[in-house]
Amino acid sequence: MSGQALAAPPVAPLAEAPARKADAGIRDRILQLRDGLSHGLIGAEKLVERLLIGLLTGGHLLIEGAPGLAKTRAVKRLSDGLDGSFARVQCTPDLMPADLTGTTVWRQDAGTFEFLPGPLFHSLILVDEVNRAPPKVQSALLEAMAESQITVSGHTHRLPDPFMVVATQNPIEHAGTFPLPEAQLDRFLLHVVVEMPDEASERRILDLVEGELNHHAEAMPVKLSVAEVIAAREAALATYVSPALKDYLVRLVSGTRTDAVAPDLRASIEHPASPRGTLALMVAGKARAYLHGRDHVVPEDISELAADALSHRIGLTWRAAAEGRTTRGIVGGLVARTRAL
Ligand SMILES: Nc1ncnc2c1ncn2[C@@H]1O[C@H](COP(=O)(O)OP(=O)(O)OP(=O)(O)O)[C@@H](O)[C@H]1O
Ligand SMILES: [Mg+2]
């Protein structure tokens, strides 16, 4: 056995070139997916980038925005560009954990129990208005997100790969909602805020949707297979992060914990970001670098994503909240005042 291994010809240098070619081909397909998404989502480049970062890292997204800002449309469009299965769950206060996980039923004819999988067994899941679901449902969902498996009636079931949850919540409604606890928010890779479109974009939205009503909907230009998504993820996660950039990441996140960067901003923070936040920012930065065609992460990848990766992981003091400060504002301030390299 070992003799055979020693006698094996040195194939590695020859095998490298085709592998790089395949990587480039997959990146092109990801860029086609990005263009297809952007085409149907006017002025939503930031949201499109975040969706792709989630896809490329195996991360889950929490999208916040007022009603009617194309959140559902964005996720549906992403699913049109993927070969995996798609499910949508509308959360209400009477939702039960089994409505997500599935349930075991007794088959009288066969004399056996049969597991009927719920929506969590799809590759891409849109969980609309997650803050309307009761805490038991939220914790079933977030456990699935953290562990990629669920346990029903004592049996553990693996969830598919890729498995991506995109949850939405509406910031203006408070009545009848169950805000996600901080520990559960930490499960989301990114917290994305969708803004109102500007006038020029809104005008383009009218033309686009009018065209679609007249049956001129443009199909997605690609449909990525599960294998392609996994290959793209491997390539994205292999993006290089220099030691100096890792130091920057740590400095930035430490700014939420110690007074080293900005004592005035730190004083507003009750719960700082955990190492999971630092890791999330690094991984998201890798995916952004990959999307921008680089084989290495640059400080801008980190600074651009810092608010989305960290703001939902920190808690404000009651005084800072009463003064109208926001976690996004605090992270933005830390980014502005942390030395990058
Ligand atoms: N940026 C945009 N690009 C294209 N269409 C848009 C855009 N913004 C809004 N729309 C259109 O507005 C309508 C509402 O979109 P959608 O249902 O996806 O919103 P939503 O954010 O999911 O709303 P809700 O919070 O109520 O679920 C759709 O017809 C959609 O095509
Ligand atoms: Mg919606």
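Summary of computed values
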quantity: Residue count for segment 247-270, restricted to those that are farther than 13 Å from ALA340 by Cα and either among the β-branched types (Val, Ile, Thr) or free of Cβ contacts under 8 Å to residues at least 12 places away in the same chain (or both); calculated: 9
quantity: Count - residues of segment 289-312 that are within 14 Å of LEU61 (Cβ to Cβ) and either open to solvent by 40 Å² or more (accessible area, probe 1.4 Å) or not small (Gly, Ala, Ser) (or both); calculated: 3
quantity: Where a residue in segment 85-114 is in the same structural domain as LYS71 (by TED's automatic domain parsing) and modelled with pLDDT under 95 and its partner, wherever it lies, is part of a loop (DSSP other than H, G, I, E, B) and of a type in the set (Phe, Trp, Tyr), with Cβ under 8 Å and at least six apart; calculated: PRO93/PHE178
quantity: Count of residues meeting criterion [within 17 Å of the chain's Cα centre (by Cα) and surrounded by fewer than 17 Cβ atoms within 10 Å (Cβ to Cβ)] in segment 59-71; calculated: 0
quantity: Qualifying residue in segment 197-206 (condition: within 16 Å of ligand 2 (Cβ to nearest atom), hydrophobic (A, V, I, L, M, F, W, C) and more than 20 Å from LEU61 (Cα to Cα)); calculated: yes
quantity: ILE53 being touching a helix residue (DSSP H, G or I) at 6+ places or on another chain (Cβ under 6 Å) and either at pLDDT below 90 or outside the structural domain of GLU143 (by TED's automatic domain parsing) (or both); calculated: no
quantity: Leading residue by the ranking (surrounded by the most Cβ atoms within 10 Å (Cβ to Cβ)) among those in segment 251-280 that are closer than 30 Å to ASP23 by Cα and of a type in the set (A, V, I, L, M, F, W, C); calculated: ALA280
quantity: Test: ARG266 is within 24 Å of LEU316 (Cβ to Cβ) and not hydroxyl-bearing (Ser, Thr, Tyr); calculated: yes
quantity: Filtered residues of segment 119-141 (kept if more than 16 Å from ligand 1 (Cβ to nearest atom) and either under 20 Å from LYS71 (Cα atoms) or surrounded by fewer than 20 Cβ atoms within 10 Å (Cβ to Cβ) (or both)); calculated: PRO119, LEU120, HIS122, SER123, PRO134, PRO135, LYS136, GLN138, SER139, LEU141
quantity: Number of the condition not met by ASP35 [criteria: (1) open to solvent by less than 30 Å² (accessible area, probe 1.4 Å); (2) out of contact with any strand residue (DSSP E or B) (no Cβ under 9 Å at 6 or more places or on another chain)]; calculated: (1)
quantity: Of all residues making up segment 163-185, the number that are at pLDDT 90 or above and in a loop (DSSP other than H, G, I, E, B); calculated: 1
quantity: Residue in segment 201-224 that is in a helix (DSSP H, G or I), closer than 30 Å to GLN138 by Cβ and open to solvent by 50 Å² or more (accessible area, probe 1.4 Å) present; calculated: no
quantity: Only one of PRO13, PRO67, PRO9, PRO18 that is at pLDDT below 90 and either in contact with a His (Cβ under 7 Å, 6 or more places away or on another chain) or within 16 Å of ligand 1 (Cβ to nearest atom) (or both); calculated: PRO67
quantity: Any hit, segment 92-104, residues being within 16 Å of ligand 2 (Cβ to nearest atom) and surrounded by 21 or more Cβ atoms within 10 Å (Cβ to Cβ); calculated: no
quantity: Subset of segment 293-327 [more than 30 Å from ARG29 (Cα to Cα), touching a His at 6+ places or on another chain (Cβ under 9 Å) and assigned to a helix (DSSP H, G or I)]; calculated: SER311, HIS312, ARG313, THR327
quantity: Test: residue in segment 156-167 that is without any contact (Cβ under 8 Å) to a residue 12 or more places away in the chain, of a type outside the set (Lys, Arg) and assigned by TED's automatic domain parsing to the domain that holds ALA44; calculated: yes
quantity: Identity of the residue in segment 207-233, closer than 16 Å to GLY58 by Cβ and of a type in the set (Val, Ile, Thr), that ends up nearest to ligand 2 (Cβ to nearest atom); calculated: VAL229
quantity: Matching option when the condition is touching a Pro at 6+ places or on another chain (Cβ under 6 Å) and part of a helix (DSSP H, G or I), among VAL229, VAL283; calculated: VAL229
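The values are calculated or read from the model by the stated rules, or taken from the named source; none is laboratory data. Here the structure is a predicted model, which means the values were calculated and not measured. Please note: Cβ atoms are built from the backbone with ideal geometry, for glycine as well, and neighbour counts cover all protein chains shown. Surface areas here come from the heavy atoms of the whole protein model, side chains and all, with no ligands, DNA or RNA. Shrake-Rupley method; radii C 1.70, N 1.55, O 1.52, S 1.80 Å.
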